[in-house]
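Visitor: Take a look at the following structure, please.
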Amino acid sequence: MNRETAISAVIADWRKRPFAWAKHDCCRFAADVVMATGAPDPMKGLRSYKGKTGALRLLADKPLETYLDERFERVDLAFARRGDLVMANGNVGVVWDRGGLFVGDDGLT
């Protein structure tokens, strides 16, 4: 399976999943996309948080952007390609088509 097909399969699976802390949140979506490309789990060692309180406790140690910088090389947005991670308003999503996909209350938006 090629990279875009693998990412498309993850997106299709996540499309109707409503946001739920520690189950269907932006970090788990982004990690699923990354792993679909054959890369190791970027959330290794971070999946133990439970619910909103656990996620906020984890983020109290350092911001989400720092966790991402520790695991990925930054790419200028002008060079981002489909499937690359992107941040907006404190959330991590995935570059797709002419924008990004993010986990929302009604699934991916």
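Visitor: Only one of these is over 17 Å from Trp96 (Cα atoms) and in contact with a Pro (Cβ under 6 Å, 6 or more places away or on another chain): Arg71, Arg57. Name it.
Guide: On the way: Arg57 fails: in contact with a Pro (Cβ under 6 Å, 6 or more places away or on another chain).
Only one candidate qualifies: Arg71.
Visitor: Between Val92, Val86, which is in contact (Cβ under 8 Å) with a residue 40 or more places away in the chain, touching a strand residue (DSSP E or B) at 6+ places or on another chain (Cβ under 8 Å) and assigned to a strand (DSSP E or B)? Talk me through it step by step, then tell me what you get.
Guide: Numbers: Val86 fails: in contact (Cβ under 8 Å) with a residue 40 or more places away in the chain.
That would be Val92, the only listed residue that is in contact (Cβ under 8 Å) with a residue 40 or more places away in the chain, touching a strand residue (DSSP E or B) at 6+ places or on another chain (Cβ under 8 Å) and assigned to a strand (DSSP E or B).
Visitor: Mind listing just one residue for me: the one in region 4-27 that is aliphatic (A, V, I, L, M) and touching a helix residue (DSSP H, G or I) at 6+ places or on another chain (Cβ under 8 Å) and, of those, surrounded by the fewest Cβ atoms within 10 Å (Cβ to Cβ)? Write out each step before concluding.
Guide: Applying the first criterion (aliphatic (A, V, I, L, M)) to region 4-27 yields 6-7, 9-12, 20, 22.
From what's left, touching a helix residue (DSSP H, G or I) at 6+ places or on another chain (Cβ under 8 Å): 6-7, 9-11, 22.
Details: Ala6: 16, Ile7: 22, Ala9: 13, Val10: 20, Ile11: 18, Ala22: 17.
Only one residue tops the list, namely Ala9.
Visitor: Considering only residues that are in contact with a strand residue (DSSP E or B) (Cβ under 9 Å, 6 or more places away or on another chain), open to solvent by 70 Å² or more (accessible area, probe 1.4 Å) and assigned to a helix (DSSP H, G or I), which ones fall in region 65-83?
Guide: Of everything in region 65-83, those that are in contact with a strand residue (DSSP E or B) (Cβ under 9 Å, 6 or more places away or on another chain), open to solvent by 70 Å² or more (accessible area, probe 1.4 Å) and assigned to a helix (DSSP H, G or I) turn out to be Glu65, Leu77.
Visitor: Shifting gears a bit: Ser48 versus (1) outside any strand (DSSP E or B); (2) in contact with a helix residue (DSSP H, G or I) (Cβ under 8 Å, 6 or more places away or on another chain); (3) open to solvent by less than 70 Å² (accessible area, probe 1.4 Å): which is the lone unmet condition?
Guide: Here Ser48 clears every test but (3).
Visitor: Test Leu58 against the criterion of being open to solvent by 30 Å² or more (accessible area, probe 1.4 Å) and in contact with a strand residue (DSSP E or B) (Cβ under 9 Å, 6 or more places away or on another chain), and give yes or no.
Guide: Details: open to solvent by 30 Å² or more (accessible area, probe 1.4 Å): yes; in contact with a strand residue (DSSP E or B) (Cβ under 9 Å, 6 or more places away or on another chain): no.
Taking the combined requirement at face value, the residue does not satisfy it.
Visitor: Restricted to region 28-39, and to residues that are at pLDDT 95 or above and not aliphatic (A, V, I, L, M), which residue is surrounded by the most Cβ atoms within 10 Å (Cβ to Cβ)?
Guide: Phe29
The values are calculated or read from the model by the stated rules, or taken from the named source; none is laboratory data. Computed from a predicted structure; not experimentally measured. Ideal geometry is used to build each Cβ from the backbone, glycine not excepted, and the neighbour counts take in all protein chains shown. For the accessible areas, the whole protein counts, side chains as well, though only heavy atoms, and no ligand, DNA or RNA atoms are used. Shrake-Rupley method; radii C 1.70, N 1.55, O 1.52, S 1.80 Å.
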